[in-house]
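Worksheet: the structure to be examined is printed underneath.
The values are calculated or read from the model by the stated rules, or taken from the named source; none is laboratory data. Bear in mind that the values here come from a model prediction, so they are computed numbers and not experimental data. Every residue, glycine among them, receives a Cβ derived from its backbone with ideal geometry; neighbour counts consider all protein chains shown.
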Amino acid sequence: MTHLTRTLCTALLLALAQPALQAQKSYVMTAKEAADHAITHVAALRNLRIDRDLRESQNRELTGQAYPQMSGSVNLQKFFAIPVTLLPDFITPQVYGVLEKKGVKDGSGNPIQAPKTDPQFFPAQFGVPWQSNAGFSVQQLLFQPDVFVGLQARSGALRLSELNIKVMEDSVRSNVLRTYYGVLIAEKRRALLSESIARFRKLYLDQEKLFANGFVERLDLEKTQVGLNNLVTAESQLAGFARLGLASLKFAMGLSQRDTLLLRDSLSTNMVKATLLEATDFRYEDRNEMKLINTATDLQKLDLARYRLAYLPTVAAFWSYNRNALRQEFNFFNTDLKWFKSNVAGLSVSVPIFDGFQRQQRIRQARLRLEKTVNDRKFLEEAIDFQREAALVVLGNALTSLDVQERNMRLAEKVLQTTRRKYEQGVGSSFEVLQADQDFQTAQGNYFQALYDAINARIGYFRALGKL
């Protein structure tokens, strides 16, 4: 391959890779920023916002039914054969009637009388080959039950769509926060494992020197190596979990997997306990789910009213103006020939009389749907009460466990430091150091698991209160 060929290939690869490189973005976000980003970028929420826009468009369509409806029309017709109408023979009876009245006789001297036959008909054509019509009409709906109720329900239907968005936002925010802190904990545990690996490697190097001088047995060296191998394996697995968690967080936020995401928040016990005492007051209406079902109840009541009003008549006013032209030939643009006009206005009233009891059953169905919605609201209140009670208990247990595990971790760290000093001074064994380090790792793992549980309990508690 020549130098020119290699240069062209390199340029081509760079050109192909350029769109992908440009598509990559970098983000550094706190947990709140990550949740806010998800609110505006998650596909499910974008679709719900589209549904809200559709609802708004449907509201405007419904409003349009209350405005005057105007239409114009122009028609042109050419009859290749003018329709034939059969007219009764009214001439013959009249003629014979006159002859009889005057006493006219035939050649034989007999009075002339009408023939005793069935009535006769003769064909007749009415109209002209060319006909044209141009008109304009206006109709104004004065009252129609379903339109009247629909106009009342516009704001409620739009609010229902917006509350669906709010409920989904709560779910998305909760999911993002849980995933965000899960990734933070995985990364923090990985960093602590790296520190433990560094301690084990130093201990192993120290033991190698002591083993070379005959101060420790090979068994101690091998025990340290086993512990180091386990730590390296655990650190590798935790790195995979952290990478998977980060990918899950990107998905929950609506980010591309090609994007770079760095987490800016830090973890602490104080962060978990912050503002908990401020979240004490509660109203059912703080929960978007309760707002949603209240709005649905109002709409069900309007739906019931719509079917009850169906017994009322529909009233509309109308006006139309038309011009007609009748021609023997195509000369509609001849201004000397007349166009005939018609102008009419009126009021239309349509009264429902009997529909086989359909309206009665629609009213019954609407009443039953409203009853179900009322039952759902009562059930939701009970479910919220349970969620609040459960969230409070879980949060209390999680905070207690967090305090205990934090003290245990501090104690295990102190034991490890003391054991290492004793070992370095020659009054302790490497086995004690290994055991103390493993105990410290276990205490760290328990602490971070308790921290993650406490964070989840905090998120669940605030969500139960409707203050997430």
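Okay, residues lined up against (1) exposed (fewer than 11 other Cβ atoms within 10 Å of the Cβ); (2) polar (S, T, N, Q); (3) touching a Phe, Trp or Tyr at 6+ places or on another chain (Cβ under 7 Å):
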{"position": "W319", "(1), (2), (3)": "no, no, no"}
{"position": "L326", "(1), (2), (3)": "no, no, no"}
{"position": "F330", "(1), (2), (3)": "no, no, yes"}
{"position": "S342", "(1), (2), (3)": "no, yes, no"}
{"position": "S350", "(1), (2), (3)": "yes, yes, no"}
Here are the criteria: (1) within 20 Å of the chain's Cα centre (by Cα); (2) within 20 Å of Y461 (Cα to Cα). Tell me which single one Y284 does not satisfy. (1)
Select from segment 76-104 the residues that are of a type outside the set (S, T, N, Q) and in contact (Cβ under 8 Å) with a residue 40 or more places away in the chain and write down the one among them that is farthest from S132 (Cα to Cα). V84
Checking V216 against (1) under 56 Å from the mean Cα position of the chain (by Cα); (2) surrounded by 11 or more Cβ atoms within 10 Å (Cβ to Cβ), only one condition comes out false. Which one? (1)
Select, from A134, A124, the only residue that is loosely packed, with under 12 Cβ neighbours inside 10 Å, part of a strand (DSSP E or B) and at pLDDT 80 or above. A124
Within segment 408-430, residues being charged (D, E, K, R) and modelled with pLDDT under 80 number 1
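Residue under question is L451, and the condition is that it be surrounded by fewer than 21 Cβ atoms within 10 Å (Cβ to Cβ) and either among the charged types (D, E, K, R) or in contact with a helix residue (DSSP H, G or I) (Cβ under 8 Å, 6 or more places away or on another chain) (or both); does it hold?
Judged against the criteria, L451 is not a match.
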Among what's in segment 314-370 and is part of a loop (DSSP other than H, G, I, E, B), among the aromatic types (F, W, Y) and under 54 Å from the mean Cα position of the chain (by Cα), pick the residue that is farthest from F136 (Cα to Cα). F357
Determine whether segment 254-268 contains at least one residue that is part of a helix (DSSP H, G or I), more than 23 Å from the chain's Cα centre (by Cα) and in the same structural domain as S196 (by TED's automatic domain parsing). no
Being in a helix (DSSP H, G or I) and out of contact with any Gly (no Cβ under 9 Å at 6 or more places or on another chain) is true for just one of V394, V427, V433. Which residue is that? V433
Under 8 Å between Cβ atoms, which residue pairs at least 6 apart in sequence (or on different chains) link something in segment 415-431 that is in the same structural domain as Q225 (by TED's automatic domain parsing) and closer than 14 Å to K202 by Cα with a partner that is in a helix (DSSP H, G or I) and among the β-branched types (V, I, T)? R420/V433; Y423/V433; S430/T224
Do we find a residue being free of Cβ contacts under 8 Å to residues at least 24 places away in the same chain and among the charged types (D, E, K, R) anywhere in segment 153-170? no
With the requirement that a residue be more than 30 Å from V272 (Cβ to Cβ) and touching a residue at least 40 places away in the same chain (Cβ under 8 Å), what does segment 185-236 give you? F200, L203, Q207, V216, D220, K223, T224, G227
Quick one: count up the residues across segment 144-178 that are modelled with pLDDT of 90 or more and outside any helix (DSSP H, G or I). 0
